[in-house]
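Written below as structure tokens is the structure these notes are about.
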Amino acid sequence: MNNVILKAENLFFSYDDEKSHSLNGLSLEIGRGKKIAFMGANGSGKSTFFLCCNGINRPTSGTLYFDGAPVDYSREGLLKLRQRVGIVFQDPDNQLFSASVYQEISFGVLNLGKSEAEARQEVERVIEKMGISPFRDRPTHALSGGQKKQVSIADILVMHPDVIILDEPAAALDPKHTALVNDAVNQMTADGITVMMSTHDVNFAFEWADEIVLLDQGQVLMQGDPVQVFSNQTALSRANLEQPAVLQLFDSLCKKGILKNTLPVPKTLRELEEYIAGVTIDRSVQGYREFSRTRKAILVVSFGTSFEETRKVTIDAIEQEIARAYPDCTVYRAWTSKMILKKLMKRDGIHYDNVKEAFARMREDGITDVIVQPTHVINGIENDLMTQDALAYKKDFHSILFGDPLLTTVEDNDYVIRAIREEFADLKEDEVLVLMGHGTTHYSNSIYAALDYTFKDRGCPNIFLGTVEAYPSMQSLLHMVEKYNPRRVVLAPFMIVAGDHAKNDMAGDDPESWRCQFEAAGFPVSCVLKGLGEYPSIRRLFVDHVQAAVEKAEAED
């Protein structure tokens, strides 16, 4: 059997009569049964190449081979190609057209000439696999974005394709539906289907793909296994991509001698954590300096804020409670936002340390043992980089311990839900509370959607959680709130500090602010400008995280 399912030889394609080329001599081979992630800046040629693979675009020159033979662009040839190469568009509205979900999925397989009984069996199989049963009889136009994406993938799966192409499949999906799609994709490859996917998520691509294809200006910039491609900083820079977080951390830990570079490169943070757990120093990082006496410190690491009054009642208050709980430790401060640190220096002439500066200061002050306690909400990229910066000073300290961010365990989630319910105990059943989180491209962003679901699961159907920069988005929240149809909407930040996002993106006068969008939808809105750091119970949880770090270190000693 030919192990190459698709092959491109010197493909050119232009949308504007040869004035410029979206594909500019592209050549590559796609292995049968592989998971291939296509990456690159917008306009690099990913979608154009995908449309060529399905026969929607015909190259202006060059040759595309499918299963060893040149693509036949006759009507009959294209029909056969599209039965074997299915494409799921980024916008599912470009693909769905039938009156109901069931009719939509059955349309293609019926056109293949199968009997109604055979088609029904195939459709039911795919509906079950994709988790579509709850909305199988709904009109396609009435589905949510995530549901439409599920149906558009089912459209292709029911045809038993050799190749399925997914153009930004997670663009409209929440974490639950993303997991469903990922499970279906893994099953496809287990069944021998070749999967080609475009994505901008380097962390997902690093973990998921067998191969990475980087495109740049309509050409293949680099093709290879994920470790090979994501280790090439020059190629990543040209493609406007960064290294996956787990690879950055692994490389850093190897350079510092904490891990051996002979270890297989971990694909996930869980694998990296298992490596670290096997190191004798574990989370207490033994240094190489001689210490005459022990001096302990707690470094409280926050994102930061340029609003002084807000800082006093949040970050300052957290640091003060930690200091009261641990009087034998000196409490230091570090902020991670370069933009805020620069703004404070320029505007007010105020300097706060970043993590590296704080460690240098503690070293000069004779500190020997450090507990690093972040006030970050989730274990995102800020937390990853904080850990990396801290471990750079391992030789200068007897031990460095790390406390957890706010939302780390299931118990943390339940604790925070109780704190929110207590804070808004007067919320009526005909009112809704909409919480604004920050959001991130980091995989840990899924906690926001999970917590939104958990609020409902814990008996709070009128509490919604979204993000400014990721999912759940304002559009998703507005859709859900409109279904609930409350008498009033209460907006509050789900951030440690009620800073710029809370004052402008949430409560501001710009038409795009959440307040204005809800008001435009006809809801009276009240804004509560109070950061999570102002809740006494949230501050206590950070103190508990410090204690948990201490207790774990003592137990391991």
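Applying a DSSP loop filter and a limit of 14 other Cβ atoms within 10 Å to the trypsin sites (Lys or Arg not before Pro) in the stretch 393-442 leaves Lys428.
For the pair the stretch 390-458 and the stretch 488-557, the centres of their Cα atoms are 10 angstrom apart. Note on the chain: Rg/Rh from C-alpha atoms, Kirkwood Rh, equals 1.01.
Between 0 and 90 degrees, rounded to the nearest ten: what's the tilt of helix 315-325 against the longest Cα principal axis of the chain? Here the helix axis deviates by roughly 50 degrees. Annotation: amide H of Ser100 within the under-5 Å range of Thr140, sequence separation 5 or more or interchain, hydrogens built in the peptide plane. What percentages make up the Cα-Cα pair-distance distribution of the stretch 399-517 when the bins are 5 Å wide from 0? Each 5 Å bin holds this share of Cα pairs: 2, 10, 21, 24, 22, 12, 5, 2, 1, 1, 0. Taken about its Cα centre, the stretch 176-266 carries a charge dipole of roughly 400 debye when the Cβ of each Lys and Arg holds +1 and the Cβ of each Asp and Glu holds -1.
Along the charge dipole of the chain, pointing to its positive end and built from +1/-1 on Cβ of Lys, Arg, Asp and Glu, which listed residue (Asn445, Phe494, Val202) has its Cα farthest out? So the residue furthest toward the plus end is Val202.
Under 20 °C and 1.002 mPa s, how fast does the stretch 113-161 diffuse according to Stokes-Einstein, given a Kirkwood radius computed over C-alpha pairs? Answer in µm²/s, whole number. Don't jump to the answer; show the numbers that get you there.
Working: Rh = 11.3 Å.
This corresponds to a translational diffusion coefficient of 190 µm²/s.
Helix 245-255 and the long axis of the chain differ in direction by around 60°, with both axes built from C-alpha atoms. Computed from backbone phi, the HN-Hα couplings of the stretch 228-237 come to 4, 5, 6, 8, 8, 5, 5, 5, 4, 4 Hz, rounded to whole numbers (Karplus: 6.51 cos²θ - 1.76 cosθ + 1.60, θ = phi - 60°; Gly and Pro given as x). Computed with the Debye formula from one identical point scatterer per Cα of the stretch 292-335, without solvent, the log10 of I(q)/I(0) at q = 0.24, 0.27 Å⁻¹ comes to -0.83, -0.96. Please work out, to two decimal places, the log10 of the ratio I(q)/I(0) at q = 0.19, 0.20, 0.24, 0.27 Å⁻¹ from a Debye calculation in which every Cα of the stretch 465-544 carries one identical scatterer. Each listed q corresponds, in turn, to -0.82, -0.89, -1.15, -1.33.
Per the 1.4 Å probe, what fraction of the accessible area of the stretch 173-246, in percent, lies on carbon and sulfur atoms? Walk me through the numbers before you get to the answer.
Numbers: 1210 of 2970 Å².
Taking all protein chains in place, the stretch 173-246 shows 41 percent carbon and sulfur surface.
Reported value for the stretch 144-265: 129 Å³ per residue, from the convex hull of its C-alpha atoms.
Within the chain, what is the longest stretch that has no GluC sites (Glu not before Pro) placed in a DSSP loop and near at most 13 other beta-carbon atoms within 10 Å? The partial results should precede the final answer.
Details: sites that count: Glu18, Glu290, Glu429, Glu469, Glu512.
Maximal segment without exposed cleavage sites: 19-289.
Roughly how big is the chain's charge dipole about its Cα centre, with Cβ charges of +1 (Lys, Arg) and -1 (Asp, Glu), in debye to the nearest 20? Working shown, then result.
Values: 59 positive and 79 negative charges, 111 e Å.
In total the dipole reaches around 540 debye.
Please determine, in degrees from 0 to 90 and to the nearest 10, the orientation of helix 355-364 with respect to the longest principal axis defined by the Cα atoms of the chain, where the helix direction is its Cα long axis. Around 30 degrees separate the two axes. Each Cα pair under 8 Å and six or more residues apart adds its sequence gap; the mean of these over the residue count of the chain is a relative contact order of 11 percent. Of the residues Thr336, Val279, Ser252, the one whose Cα sits farthest toward the positive end of the charge dipole of the stretch 251-405, with +1 on the Cβ of Lys and Arg and -1 on the Cβ of Asp and Glu, is Ser252. A Cα-only calculation for the stretch 230-377 places Rg and Dmax at 18.4, 51 Å.
The values are calculated or read from the model by the stated rules, or taken from the named source; none is laboratory data. Values in this document were obtained by computation on a predicted structure and should not be read as measured data. Using ideal geometry, Cβ is built from the backbone for each residue, glycine included, and neighbour counts are taken over all protein chains shown. Remember, those area values only see protein heavy atoms, side chains included, never the ligands or the DNA or RNA. Shrake-Rupley method; radii C 1.70, N 1.55, O 1.52, S 1.80 Å.
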